[in-house]
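Chemist: Handing you this structure, nothing more for now.
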Amino acid sequence: MKATRMSIPDVVLIEPKVFGDERGFFYESFNQRAFNEAVGREVTFVQDNHSRSARNVLRGLHYQIQHPQGKLVRVTQGTVYDVAVDLRRSSATFGQYVGVELSAENKRMFWIPEGFAHGFVVLSESAEFLYKTTDFWYPEFERSLAWNDPTVDIAWPFEGEPALSAKDQVGKLLAEAETFT
């Protein structure tokens with residue numbers, strides 16, 4: 001497994017070692033010990049989620065203001081552009097984002113720690129997205145940061161308008177969003 005710290009060092013891109021031949025492939029998609037070493041701390045996951053979305057669906061940018069969730073995300077079908085936005089006011093990278101392409105083909109995983117907003121847009125006809133979380137979902141604490149906040153200025157790799165949920169259509173700008181200390 002190769003672990004690469006991103007421009008926001010707490011966010012880690014993980015690339016598993018894939019063994020493949022004409023029959024197909026095999027890779028270890030999760031190993032607790034190797035993952036803890038990669039991120040530099042003990043992490044416990046309590047929930048796995050699975051979503052399927054069509055092209056240009058943008059989910060996010062989501063976070064929980066209480067019971068914040070760290071997320072280990074990956075794609076098992078299709079391709080997405082995945083984004084993490086630092087919402088920790090005490091961080092030197094507050095308000096900055098990192099984004100990566102995740103696909104079934106590249107088999108990359110993305111670690112987004114607690115204190116970040118997370119979202120993705122589907123670039124293929126459809127995509128299946130899996131993620132492990134460090135805390136349970138509490139809808140009363142869920143918040144949405146505006147996907148198109150000009151302060152964050154995410155370079156989303158699509159044209160036109162994305163398909164958004166009602167919740168994501170009213171995401172708050174960073175200047176008015178609840179954030180972490």
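The values are calculated or read from the model by the stated rules, or taken from the named source; none is laboratory data. What you see is a predicted model, and the numbers here were worked out from it, not measured in a lab. All Cβ positions, glycine included, derive from the backbone under ideal geometry; neighbour counts span all protein chains shown.
Chemist: N56 versus (1) more than 13 Å from W111 (Cβ to Cβ); (2) within 15 Å of the chain's Cα centre (by Cα); (3) surrounded by 14 or more Cβ atoms within 10 Å (Cβ to Cβ): which is the lone unmet condition?
Modeler: (2)
Chemist: Only one of L72, L61 is touching a residue at least 60 places away in the same chain (Cβ under 8 Å), among the aliphatic types (A, V, I, L, M), over 17 Å from A155 (Cα atoms) and not in a loop (DSSP other than H, G, I, E, B). Can you tell me which? Before you say what the answer is, go through the steps one by one.
Modeler: On the way: L61 fails: over 17 Å from A155 (Cα atoms).
Criteria check complete, one pass: L72.
Residues are listed down the side, and each one gets a yes or a no for (1) modelled with pLDDT under 95; (2) of a type in the set (D, E); (3) surrounded by fewer than 10 Cβ atoms within 10 Å (Cβ to Cβ):
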{"position": "R5", "(1), (2), (3)": "no, no, no"}
{"position": "I8", "(1), (2), (3)": "no, no, no"}
{"position": "K17", "(1), (2), (3)": "yes, no, no"}
{"position": "E28", "(1), (2), (3)": "yes, yes, no"}
{"position": "N36", "(1), (2), (3)": "no, no, no"}
{"position": "E42", "(1), (2), (3)": "no, yes, yes"}
{"position": "Q47", "(1), (2), (3)": "no, no, no"}
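Chemist: Continuing with this model, one more query. Which numbered condition in (1) more than 24 Å from A177 (Cα to Cα); (2) assigned to a loop (DSSP other than H, G, I, E, B); (3) among the polar types (S, T, N, Q) is the only one that S7 fails?
Modeler: Condition (1) is where S7 drops out.
Chemist: Counting just the residues of segment 141-159 that are part of a loop (DSSP other than H, G, I, E, B) and of a type in the set (D, E), which one comes out nearest to V57 (Cα to Cα)?
Modeler: The extreme case among them is E159.
Chemist: For residues that are touching a helix residue (DSSP H, G or I) at 6+ places or on another chain (Cβ under 9 Å) and on the phi > 0 side of the Ramachandran plot, scanning just segment 59-82, find the one that is surrounded by the fewest Cβ atoms within 10 Å (Cβ to Cβ).
Modeler: H67
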